[in-house]
1. Going 7 Å from the Cα of W109 in the Cα-to-Cβ direction, what parts of region 47-77 have a backbone nitrogen less than 14 Å from that spot?
2. Counting only protein heavy atoms and a 1.4 Å probe, tell me what percentage of the chain's accessible area is made up of carbon and sulfur.
3. Taking Rh as the Kirkwood radius computed over C-alpha pairs, what is the Stokes-Einstein D of region 99-141 at 20 °C in a medium of viscosity 1.002 mPa s, expressed in µm² per second?
4. Calculate the dipole size of the chain relative to its Cα centre from +1 charges on Lys and Arg beta carbons and -1 charges on Asp and Glu beta carbons; express the result in debye to the nearest 20.
5. Put a dot 7 Å past each Cα toward the Cβ at V56 and H156; how far apart are the dots in nm?
6. Can you give the FRET efficiency to the nearest 0.05 for E17 and A44, using r as the Cβ-Cβ distance and R₀ = 30 Å?
7. Which of these values of mean projected area of the Cα convex hull in nm² was calculated from the structure shown: (1) 17.2; (2) 12.4; (3) 11.0?
8. Ignoring everything except DSSP H segments at least 4 long, calculate the 222 nm mean residue ellipticity for the chain; use -39,500 (n - 2.57) per segment, divide by total residues, nearest 500.
Amino acid sequence: PSRVKKRTRRTPRARHENELLGLALLALGLVLAAILYLGLDGGAVGSWLAGALGDVMGEAAYVLPVVLFVLGWLLLVRSDLLDVRPFRLGVGVGFLGLMTLLGKDSGGWIGMAVGGTLAALIGETGAAIVGGTLLVAGFLLVSGASAGAILRRTGHVMRSAGGSARRA
């Protein structure tokens with residue numbers, strides 16, 4: 001019927017654009033890793049970029065090379081995971097949770113804006129709880145795991161271990 005939304009096929013050009021973007025993200029992740037992790041000279045632009053990221057994101061800047069590398073890899077291998085809305089939402093929610101947890105002391109300007117403001121409103125402990133919850137929610141969205149399934153499986157394993165310990 002005409003009401004059914006027709007799927008659009010990606011053109012070869014769109015595939016090439018995704019591959020080029022993936023390569024660019026891989027390269028940027030590797031350059032940032034070399035500067036941040038290994039302390040190698042990044043030149044004027046690379047050193048400025050690493051410093052700016054440290055100011056804006058604080059300690060979370062050390063997570064960025066890994067994230068860029070993984071996203072670049074997923075684009076290169078044409079993963080359908082990047083097209084899934086929960087994955088994209090999970091990356092954003094996880095980032096927000098990380099910045100909230102790092103807060104004004106270690107989160108740079110973003111941590112100060114998000115975590116610092118939240119800590120002023122509900123206290124440091126409340127901000128840590130909210131940040132941790134957001135980080136776990138982001139992980140669950142990215143991985144596609146279910147918190148209920150994880151808790152049920154953990155309970156089953158604990159009961160089995162308890163029963164084995166009593167019998168021994």
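The values are calculated or read from the model by the stated rules, or taken from the named source; none is laboratory data. Note that the structure is a prediction, hence the values are computed from the model and not measured. Here the Cβ positions follow ideal geometry from the backbone for every residue, glycine too, while neighbour counts run over all protein chains shown. Protein only, heavy atoms only, side chains kept; ligands, DNA and RNA dropped before computing areas. Shrake-Rupley method; radii C 1.70, N 1.55, O 1.52, S 1.80 Å.
1. Within reach of a label on W109, which here means backbone N under 14 Å from a point 7 Å along Cα→Cβ, region 47-77 contributes 49-58.
2. On the way: 7640 of 11420 Å².
Carbon plus sulfur share of accessible area: 67 percent.
3. Working: Rh = 9.8 Å.
In µm²/s, the coefficient is 219.
4. Details: 17 positive and 9 negative charges, 301 e Å.
Rounded to the nearest 20 debye, it is 1440 debye.
5. Inter-label distance under the simple model: 4.5 nm.
6. Working: r = 29 Å, r/R0 = 0.96.
The calculated FRET efficiency here is 0.55.
7. For mean projected area of the Cα convex hull in nm², the calculated option is (1).
8. On the way: 7 runs with 127 residues, N = 168.
The per-residue figure over the chain is -25500 deg cm²/dmol.
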